[in-house]
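Shown below is the structure under consideration.
The values are calculated or read from the model by the stated rules, or taken from the named source; none is laboratory data. These figures come from a predicted structure and were not determined experimentally. Here the Cβ positions follow ideal geometry from the backbone for every residue, glycine too, while neighbour counts run over all protein chains shown. Accessible surface areas use protein heavy atoms only, side chains included; no ligands, DNA or RNA. Shrake-Rupley method; radii C 1.70, N 1.55, O 1.52, S 1.80 Å.
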Amino acid sequence: MRQDWDPEDLIEVWTLLEDDMRRVRNKSGATRLGFALLLRFSEMEARFPESAKEVPAAAVVYVAQQVKVPAEAWADYDWQSRAIQRHRGEIRAAYGFRANLERMKPPRHLTLLATLCHVRQTEITDSLVDLFIQLVLKINTRAERKVEKEPGAELKKVRGKEAMLLRVAEAALSEPSGTVRRVIFPAVGGEKTLKALAAEAAANEARYKARVRTVLRSSYSAHWRRMLSPLLRALELKCDNTAYRPVMDAIDPLKRYLEQPLKEGAFFDPAETVPLEGVVPEQWRAAAVDDKGRVERIPCELCVLVSLRDALRRREIRVAGANRWRNPEDDLPAGFESESATAPA
């Protein structure tokens, strides 16, 4: 097996499908990673690897990320144990259909093989969509967690606010039908103090969101961006809902610019039409568009990815060749629309 793999080939060949993930679910540590690598290797090569060195290092890292086991655990997989014998037996049982196919006559053999290829293609496409959604979600959640772990910057504080909040709760509970001015204001020392508390909370929230955006831009441009380019190229996106047309229109320049290194320019070409309405939220506008009206690539790309993820999850954008992510209208009975139109009100 070749040892050099680019990201696009890794995603296409070494991505674990739903059935694969079910098979590794009852395993852990080096056993879990070893089984997953044997599974993918044997499907491609129709044989098992003879040693750990035969499995590409890039594939080990990629599969380890999927099964949530450190890549270093691959070195602990015991090639002489009973566990690896059981693993090979499980995998042979899972792929036993190959021997049966080879014994069939050509017409039946080719028909079943074509059916198998079609089903396998839909499984791979579904897994790629799942992977895209998980990646976009991970980009955002990791940025938020990183910011939450940072020591807080010095902001204007209202002294004793915890005690004030306790008094507000006690006052509200003691007189639930009372007015804010008569019950709450006296508990915190007046309207001015309550306004200061609200202002502090608003300032902290604004600063938190701004910091998350900064961390997002940094981690995305340095790490995540190169992984998403081959993934998006592998998906053929479709949409019939005009409300999501801006998202679809934004995907074309996104795909093209993902191929270009950031050193070639931080902004989209002025002649490029980049939809903002329905794609870039208001809180991101200042980050995505500078004072000269130029659209910056990184924040805009992030907004497009989040919008696409949300549209996929709502089934407003579908994926050609997928099963779970196909057009929802394909699930309707034949003639459903015509019968609905002629049904009495």
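Which of the chymotrypsin sites (Phe, Trp or Tyr not before Pro) across segment 1-80 are loop residues per DSSP, with 15 or fewer other Cβ within 10 Å?
Working: sites: TRP5, TRP14, PHE35, PHE41, TYR62, TRP74, TYR77, TRP79; in loops: TRP5, TYR77, TRP79.
Passing both the DSSP loop test and the Cβ count: TRP79.
Also: Past 26 Å, Cα to Cα: identify those pairs from LYS149/LYS263; LYS53/LYS263; LYS138/LYS238; LYS27/LYS238; LYS27/LYS138, in the order given. Can you show the working numbers first?
Numbers: LYS149/LYS263 31 Å; LYS53/LYS263 36 Å; LYS138/LYS238 24 Å; LYS27/LYS238 38 Å; LYS27/LYS138 24 Å.
Pairs exceeding the cut-off: LYS149/LYS263; LYS53/LYS263; LYS27/LYS238.
Here's another thing I want to ask about it. Which GluC sites (Glu not before Pro) in segment 26-117 pass both tests, a DSSP loop state and at most 12 other beta-carbon atoms within 10 Å?
Working: sites: GLU43, GLU45, GLU50, GLU54, GLU72, GLU90, GLU102; in loops: GLU50.
The qualifying sites are GLU50.
Lys and Arg at +1, Asp and Glu at -1: add these up for the other residues within a Cβ distance under 12 Å of LEU228 and post the number.
Values: positive: LYS138, ARG225, ARG226, ARG233, LYS255, ARG309; negative: GLU8, GLU259, GLU301.
Its environment carries a net charge of +3.
Extension gain SER218-ARG315, at 0.36 nm per residue separation less the Cα-Cα distance, in nm?
On the way: separation 97, 0.36 × 97 = 34.92 nm, distance 3.01 nm.
Extra length from SER218 to ARG315 when fully extended: 31.9 nm.
Of all trypsin sites (Lys or Arg not before Pro) in segment 22-127, which ones are in loop regions per DSSP and have a Cβ with at most 14 other Cβ atoms within 10 Å? Intermediate values should be presented prior to the final figure.
Working: sites: ARG22, ARG23, ARG25, LYS27, ARG32, ARG40, ARG47, LYS53, LYS68, ARG82, ARG86, ARG88, ARG92, ARG98, ARG103, ARG108, ARG120; in loops: ARG25, LYS27, ARG47, LYS68.
For trypsin sites (Lys or Arg not before Pro) across segment 22-127 that sit outside H, G, I, E and B with at most 14 neighbouring Cβ atoms in 10 Å, the list reads ARG25, ARG47, LYS68.
Okay, next question. Can you give the net charge of the other residues whose Cβ lies under 15 Å from the Cβ of PRO49, counting K and R as +1 and D and E as -1?
On the way: positive: ARG2, ARG40, ARG47, LYS53, ARG88, ARG92; negative: GLU43, GLU45, GLU50, GLU54, ASP78.
Residues near PRO49 contribute +1 overall.
How much area per residue is accessible in segment 1-44 when the probe is 1.4 Å and only protein heavy atoms are counted (Å²)?
Values: 1960 Å² over 44 residues.
For segment 1-44, the solvent-accessible area averages 44 Å² per residue.
Provide the net charge surrounding VAL295, with neighbours chosen by a C-beta distance below 13 Å and charges set as Lys +1, Arg +1, Asp -1, Glu -1.
On the way: positive: ARG285, LYS292, ARG294, ARG297; negative: ASP269, GLU272, GLU277, ASP290, ASP291, GLU296, GLU301.
With Lys, Arg at +1 and Asp, Glu at -1, the neighbours total -3.
Next question. If you stretched the chain out fully between LYS68 and THR115, how much longer would it get, using 0.36 nm times the residue separation minus the C-alpha to C-alpha distance?
Working: separation 47, 0.36 × 47 = 16.92 nm, distance 3.22 nm.
Separation in residues times 0.36 nm, less the Cα-Cα distance, equals 13.7 nm.
Ignoring ligands, DNA and RNA, what percent of the 1.4 Å accessible area of segment 229-326 is carbon and sulfur? Don't skip to the end; give the middle numbers.
On the way: 2300 of 4970 Å².
Carbon and sulfur together cover 46 percent of it.
Give the accessible area for ILE91 in Å² (nearest 10); use a 1.4 Å probe, count only protein heavy atoms, and leave out ligands, DNA and RNA.
Its heavy atoms expose roughly 0 Å² to the probe.
What is the pair-distance distribution P(r) of segment 14-64, computed from all Cα-Cα distances in 5 Å bins starting at 0, with each bin given as a whole percent?
4, 21, 35, 27, 12, 1
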